[in-house]
């Protein structure tokens with residue numbers, strides 16, 4: 001599972017974007033599938049698929065606005081602590097609602 005809480009050989013705890021990149025680059029797994037591992041499938045594995053893991057009405061959501069399309073280049077999900085763009089927006093600990 002991507003983003004577990006103990007890290008792995010070559011992946012220190014908290015370096016999840018690098019882990020995503022390795023699966024895409026070195027294992028040839030499509031970016032969309034790797035992103036699903038890190039979101040939807042992780043929530044389902046923890047028994048929380050009804051409450052989080054996808055951006056859907058009524059679910060909890062933390063959103064991250066990226067400078068790029070992770071389906072085209074998963075490396076755009078990399079950020080360094082303290083380097084968030086000043087235009088960062090999103091919903092923190094909120095529930096998604098239909099527009």
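Just so it is clear, none of the values below were taken in a lab; they were calculated from the coordinates. Note that the structure is a prediction, hence the values are computed from the model and not measured. Ideal geometry is used to build each Cβ from the backbone, glycine not excepted, and the neighbour counts take in all protein chains shown.
Quick look at the numbers
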| quantity | calculated |
| --- | --- |
| Residue 29/residue 72 FRET efficiency (R0 22 Å; Cβ-Cβ; nearest 0.05) | 0.90 |
| Gain upon complete extension [residue 36, residue 51; 0.36 nm per residue less C-alpha separation] | 3.9 nm |
